[in-house]
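Colleague: Here it is, the structure, as structure tokens.
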Amino acid sequence: MAPKYKLTYFDFSGLGEPIRFIFHYAGIDFEDNRLNREQWAKLKPNAPLLQMPLLEVDGKTLHQSLAIARYVAKQVGLAGDNDFEAYEIDAAADTANDFRLAVVHYLSQQDPTIKQQFKEKLEDEKIPLYLNALDSWAKKNNGYLANGKISWADLYLVAVLGYLSYFLKRDLYEGYPNLKKVQDNVFANPGVNSWVQRRPTDHFPL
């Protein structure tokens with residue numbers, strides 16, 4: 001019998017979206033349990049590490065977004081065929097996540113002067129560092145981040161760049177043609193394409 005999956009996260013793309021992408025890519029049914037802030041406040045005291053997303057698999061609760069994504073990817077053949085392939089995928093996904101954290105660090109600054117300093121560092125250092133590296137890997141792998149084929153790292157990157165582009169008010173694919181190929185390859189999957197066309201409008205919990 002196939003496992004029953006329940007993904008719990010905000011009514012927002014964010015860290016839940018890469019996991020949703022993997023499920024939709026593979027055509028796997030799951031319960032997309034979206035919480036508002038009040039519902040999360042009630043659940044939070046009992047959540048591992050007081051954070052989301054959470055994935056229930058036949059009653060067992062998994063936490064940590066990257067670990068959940070990797071777990072689901074293994075179930076559907078998107079995590080590599082051997083240890084070295086898995087490493088290449090993990091390295092790409094970790095790099096995408098490092099970039100995400102750099103953007104979040106900038107966005108979370110409250111002091112206008114400090115935030116401007118973070119913005120300049122992001123524009124001058126962080127964006128070129130991470131996106132140039134990811135773009136070069138995509139070029140080497142013909143439109144994929146690792147091993148010359150689709151993996152959960154591609155799905156993770158495209159899901160994350162979608163909402164980071166919104167927050168930064170810029171197209172993060174601009175100037176990175178090989179990353180645009182990654183996006184095209186991800187959106188070529190019927191399940192992902194259908195999801196992107198019909199997914200709910202984000203309700204930002206911030």
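Colleague: Can you confirm whether the range 63-82 contains a residue that is in contact with a strand residue (DSSP E or B) (Cβ under 7 Å, 6 or more places away or on another chain) and basic (Lys, Arg)? Full working, then the answer.
Modeller: Let us first name the residues in the range 63-82 that are in contact with a strand residue (DSSP E or B) (Cβ under 7 Å, 6 or more places away or on another chain), namely 63, 68, 71.
Narrowing the set further to residues that are basic (Lys, Arg) leaves none.
So far as the range 63-82 goes, no, none of its residues is in contact with a strand residue (DSSP E or B) (Cβ under 7 Å, 6 or more places away or on another chain) and basic (Lys, Arg).
Colleague: Considering only helices (runs of 4 or more DSSP H) fully contained in the range 1-100, which possess at least 2 residues that are of a type in the set (Phe, Trp, Tyr)?
Modeller: Numbers: elements: 17-26, 37-43, 65-75.
In the range 1-100, the matching helices (runs of 4 or more DSSP H) lie at 17-26.
Colleague: What are the pairs, 6+ residues apart or on separate chains, where a residue within the range 40-65 that is under 16 Å from Ser13 (Cα atoms) and hydroxyl-bearing (Ser, Thr, Tyr) has its Cβ under 7 Å from a residue that is open to solvent by less than 40 Å² (accessible area, probe 1.4 Å) and part of a loop (DSSP other than H, G, I, E, B)?
Modeller: Sorted first by the residue in the range 40-65, then by its partner, the pairs are Ser65/Pro53.
Colleague: Name, by its number, the condition in (1) open to solvent by 20 Å² or more (accessible area, probe 1.4 Å); (2) more than 19 Å from Asn132 (Cβ to Cβ) that does not hold for Ile68.
Modeller: Unmet for Ile68, out of (1) open to solvent by 20 Å² or more (accessible area, probe 1.4 Å); (2) more than 19 Å from Asn132 (Cβ to Cβ): (1).
Colleague: Also, I was wondering about something else. Quick one: would you say Leu206 is modelled with pLDDT of 95 or more and of a type in the set (A, V, I, L, M, F, W, C)? Steps first, answer last, please.
Modeller: Numbers: modelled with pLDDT of 95 or more: no; of a type in the set (A, V, I, L, M, F, W, C): yes.
No, not satisfied.
Colleague: Can you tell which of Val196, Val192, Val186 is part of a helix (DSSP H, G or I), open to solvent by less than 60 Å² (accessible area, probe 1.4 Å) and closer than 22 Å to Asp98 by Cβ?
Modeller: On the way: Val196 fails: closer than 22 Å to Asp98 by Cβ; Val192 fails: closer than 22 Å to Asp98 by Cβ.
Step by step, each of Val196, Val192, Val186 is checked, and only Val186 is part of a helix (DSSP H, G or I), open to solvent by less than 60 Å² (accessible area, probe 1.4 Å) and closer than 22 Å to Asp98 by Cβ.
Colleague: Give me the residue from the range 151-183 that is under 14 Å from Phe99 (Cα atoms) and among the β-branched types (Val, Ile, Thr) and, out of that set, farthest from the chain's Cα centre (by Cα).
Modeller: Here the residue is Val158.
Colleague: Considering only the range 113-123, I want to know if a residue exists there that is surrounded by 21 or more Cβ atoms within 10 Å (Cβ to Cβ), farther than 17 Å from Leu101 by Cα and either over 20 Å from the mean Cα position of the chain (by Cα) or small (Gly, Ala, Ser) (or both).
Modeller: There is no residue in the range 113-123 that is surrounded by 21 or more Cβ atoms within 10 Å (Cβ to Cβ), farther than 17 Å from Leu101 by Cα and either over 20 Å from the mean Cα position of the chain (by Cα) or small (Gly, Ala, Ser) (or both).
Colleague: Now for a separate question. Going through Leu129, Leu49, Leu101 one at a time, which residue ends up being on the phi > 0 side of the Ramachandran plot and open to solvent by 70 Å² or more (accessible area, probe 1.4 Å)? Please lay out each step first, then the result.
Modeller: Working: Leu129 fails: on the phi > 0 side of the Ramachandran plot; Leu101 fails: on the phi > 0 side of the Ramachandran plot.
Answer to the check: Leu49.
Colleague: Next up: Out of (1) touching a helix residue (DSSP H, G or I) at 6+ places or on another chain (Cβ under 9 Å); (2) modelled with pLDDT under 95, what's the single condition that is false for Trp137?
Modeller: Failed condition: (2).
Colleague: Just checking, which of Leu35, Leu54, Leu78 is farther than 24 Å from Pro200 by Cα and surrounded by 15 or more Cβ atoms within 10 Å (Cβ to Cβ)? Break it down stepwise before answering.
Modeller: Values: Leu35 fails: farther than 24 Å from Pro200 by Cα; Leu54 fails: farther than 24 Å from Pro200 by Cα.
Exactly one of Leu35, Leu54, Leu78 is farther than 24 Å from Pro200 by Cα and surrounded by 15 or more Cβ atoms within 10 Å (Cβ to Cβ), namely Leu78.
Colleague: I'm trying to understand the selection: among the residues of the range 162-190, which are under 19 Å from Tyr25 (Cα atoms) and touching a residue at least 60 places away in the same chain (Cβ under 8 Å)? Show your work before the answer.
Modeller: Taking the range 162-190 as the starting set, the residues that turn out to be under 19 Å from Tyr25 (Cα atoms) are 162-163, 179-190.
Scanning the range 162-190 gives Gly162, Tyr163, Val186, Asn189.
Colleague: Further question on the same structure: Considering only the range 191-204, I want to know if a residue exists there that is of a type in the set (Gly, Ala, Ser) and either without any contact (Cβ under 8 Å) to a residue 24 or more places away in the chain or closer than 24 Å to Lys126 by Cα (or both). Write out each step before concluding.
Modeller: Step one: filter the range 191-204 for residues of a type in the set (Gly, Ala, Ser), giving 191, 194.
Imposing the further condition that a residue be either without any contact (Cβ under 8 Å) to a residue 24 or more places away in the chain or closer than 24 Å to Lys126 by Cα (or both) reduces the set to none.
No: the range 191-204 contains no residue that is of a type in the set (Gly, Ala, Ser) and either without any contact (Cβ under 8 Å) to a residue 24 or more places away in the chain or closer than 24 Å to Lys126 by Cα (or both).
The values are calculated or read from the model by the stated rules, or taken from the named source; none is laboratory data. For clarity, every value in this text was computed on a predicted model and none was experimentally measured. Note that we place each Cβ from the backbone using ideal geometry, even for glycine, and neighbour counts take in every protein chain shown. Surface areas here come from the heavy atoms of the whole protein model, side chains and all, with no ligands, DNA or RNA. Shrake-Rupley method; radii C 1.70, N 1.55, O 1.52, S 1.80 Å.
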